[in-house]
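Okay, structure first, notes after.
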Amino acid sequence: MITIKTKEDIQILREGGKRHAEILQILKKMVKPGVTAREIDDEAYRLIIEGGDTPAFLNYKPSGAKRPFPASLCISINDEVVHGIPNEKEKVLKEGDIISIDLGLVHKGLITDSAITVAVGDILPELAKLLEATENALTAGIKAAKGGKKVGDIGVSIERIGIAGGYGIVEELAGHGVGYKVHEDPFIPNFGKAGSGEVLKPGMVIAIEPMFNLGSKYIILDKEDGYTYRTKDGKASAHFEHTILITKGGAEVLTGV
């Protein structure tokens, strides 16, 4: 069921979104060769708890999962698309890597969701272009998210940028409603047809999250950890995400800096 947030909810989500953005910026500055994913996750947990909030992903068990998620962050490196686990195996960042940091935050009972992909030192030009295109796709999706428009208008705006860059656009994973739960309706694909899908109504809070692959669109689930999605061809993937509020005009980015 699609939910409409109250004025009180929205104020809490604004507060939480501001904290969320601040934490992600601190974590972004930690990204350097030699740093481990576990260290970034530990710092995220410390910052969240210090602020009086709760990690939304820690111990979250999505439908179909065999166990709860064991970390505060999803950290996905290179060919890992999303949901990488940072604290079970040692993951040391290397020069030339790209790393997606995906954070869910619970502030006064309401949830925001946001992700960035960051270069580790100097990266190949093709990777820099992948990051730029994926972030631009997020911006395009947000611009399309206006009251009265439809979910398909978001998807097609993202898809156009992916196609123009020749990237694989992940189809199985998508954006979603958020706020009362980590994942709510509607499902928001990163492709689509203009004017199709659910109507975007003022008061809806959604997470838009394009995922572009350097190679094909196909992904596989890591059967060993049960969470990490990787590109099937082993090529790099980028992921950016914001939680936004639908208004009568343009969308309000709740997790913006």
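The values are calculated or read from the model by the stated rules, or taken from the named source; none is laboratory data. Computed from a predicted structure; not experimentally measured. Please note: Cβ atoms are built from the backbone with ideal geometry, for glycine as well, and neighbour counts cover all protein chains shown.
Give the residues of segment 80-91 that are surrounded by fewer than 21 Cβ atoms within 10 Å (Cβ to Cβ) and touching a strand residue (DSSP E or B) at 6+ places or on another chain (Cβ under 7 Å), sorted by residue number. Of everything in segment 80-91, just one residue is surrounded by fewer than 21 Cβ atoms within 10 Å (Cβ to Cβ) and touching a strand residue (DSSP E or B) at 6+ places or on another chain (Cβ under 7 Å), namely 90. Taking the criterion of being farther than 13 Å from residue 104 by Cα and touching a strand residue (DSSP E or B) at 6+ places or on another chain (Cβ under 9 Å), the residues of segment 5-24 that qualify are 5, 9, 10, 12, 14, 15. Kindly indicate whether residue 249 is at positive phi, exposed (fewer than 14 other Cβ atoms within 10 Å of the Cβ), in contact (Cβ under 8 Å) with a residue 60 or more places away in the chain and outside any strand (DSSP E or B). No: the conditions fail for residue 249. Across segment 94-113, a minimum of one residue is classified as crowded, with 21+ Cβ neighbours inside 10 Å, touching a Leu at 6+ places or on another chain (Cβ under 9 Å), at pLDDT 95 or above and charged (D, E, K, R).
Would a scan of segment 150-172 turn up a residue that is touching a helix residue (DSSP H, G or I) at 6+ places or on another chain (Cβ under 6 Å) and not in a helix (DSSP H, G or I)? There is at least one residue in segment 150-172 that is touching a helix residue (DSSP H, G or I) at 6+ places or on another chain (Cβ under 6 Å) and not in a helix (DSSP H, G or I).
Does residue 61 fit the bill of being more than 23 Å from residue 130 (Cα to Cα), within 19 Å of the chain's Cα centre (by Cα), part of a loop (DSSP other than H, G, I, E, B) and basic (Lys, Arg)? Judged against the criteria, residue 61 is a match. Residue count for segment 104-162 under the criterion of being among the polar types (S, T, N, Q) and over 27 Å from residue 4 (Cβ atoms): the result is 3. Surrounded by fewer than 23 Cβ atoms within 10 Å (Cβ to Cβ) and part of a loop (DSSP other than H, G, I, E, B): does that describe residue 179? For residue 179, the condition - surrounded by fewer than 23 Cβ atoms within 10 Å (Cβ to Cβ) and part of a loop (DSSP other than H, G, I, E, B) - is not met. Condition check for residue 71 on (1) closer than 26 Å to residue 226 by Cα; (2) outside any loop (DSSP other than H, G, I, E, B); (3) of a type outside the set (D, E, K, R): one failure, at (2).
Output yes when any residue across segment 55-72 is in contact with a helix residue (DSSP H, G or I) (Cβ under 6 Å, 6 or more places away or on another chain), of a type outside the set (Asp, Glu), modelled with pLDDT of 95 or more and closer than 28 Å to residue 214 by Cα, and no when none is. Yes, some residue in segment 55-72 is in contact with a helix residue (DSSP H, G or I) (Cβ under 6 Å, 6 or more places away or on another chain), of a type outside the set (Asp, Glu), modelled with pLDDT of 95 or more and closer than 28 Å to residue 214 by Cα. For segment 201-230, a tally of residues being crowded, with 24+ Cβ neighbours inside 10 Å and either outside any loop (DSSP other than H, G, I, E, B) or of a type in the set (A, V, I, L, M) (or both) returns 8.
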